[in-house]
Amino acid sequence: QVQLVESGGGLVQPGGSLRLSCRASGNIFSINSMGWYRRAPGKLRELVAGTNGGGSTNYADSVKGRFTISRDNAKNTVDLQMNSLKPEDTAIYYCNSNIRRVGSTQWVDYWGRGTQVTVSS
């Protein structure tokens, strides 16, 4: 069993900051990519930021320069520092990771349950 658990969402005023954290746990053999997606009301889920096994990162154009993704391979965690938040950043944010379990040869995408981020005055 593998679980991704997010934390750190909440309500923040425009221009404020939040930090999201996600930890993967369970019978993990190896982790490839880790990242954050979001789904705003009435919109499709989109990639916000991701990092692969080699440490490369990528960001949605809408968050470049404002959000920073960081990963701790020793702790199986991925964080998302969000600065200069805008109302359009309001969404449910989901942690995602591509993981190989102990005893398996398959790489599987796992998802957290999501954490709400609301940017409003």
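The values are calculated or read from the model by the stated rules, or taken from the named source; none is laboratory data. These numbers were taken from a predicted model, which means no experiment stands behind them. Counting neighbours? That spans all protein chains shown, and the Cβs are built from the backbone with ideal geometry, glycine included. Please note that ligands, DNA and RNA were not included when accessible areas were found on the heavy atoms of the full protein model with its side chains. Shrake-Rupley method; radii C 1.70, N 1.55, O 1.52, S 1.80 Å.
The figures follow:
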read-out: Residue, nearest to V2 (Cα to Cα), within segment 56-91, restricted to residues that are part of a strand (DSSP E or B) and among the polar types (S, T, N, Q); value: T77
read-out: Scan of segment 22-51 for residues that are charged (D, E, K, R) and either open to solvent by 30 Å² or more (accessible area, probe 1.4 Å) or closer than 13 Å to V78 by Cα (or both), ordered by number; value: R23, R39, K43, R45, E46
read-out: Subset of segment 52-99 [free of Cβ contacts under 8 Å to residues at least 24 places away in the same chain and more than 24 Å from A40 (Cα to Cα)]; value: N52, G53, G54, G55, S56, D72, A74
read-out: Selected residue (only one of Q81, Q116 is open to solvent by 70 Å² or more (accessible area, probe 1.4 Å) and in contact with a Phe, Trp or Tyr (Cβ under 9 Å, 6 or more places away or on another chain)); value: Q116
read-out: Out of A91, A74, sole residue that is of a type in the set (A, V, I, L, M) and either surrounded by 21 or more Cβ atoms within 10 Å (Cβ to Cβ) or in contact with a strand residue (DSSP E or B) (Cβ under 9 Å, 6 or more places away or on another chain) (or both); value: A91
read-out: Residues within segment 33-57 that are in contact with a strand residue (DSSP E or B) (Cβ under 9 Å, 6 or more places away or on another chain) and under 21 Å from G114 (Cβ atoms), tallied; value: 17
read-out: Selection count where residues are out of contact with any Phe, Trp or Tyr (no Cβ under 6 Å at 6 or more places or on another chain) and outside any strand (DSSP E or B), scope segment 1-51; value: 14
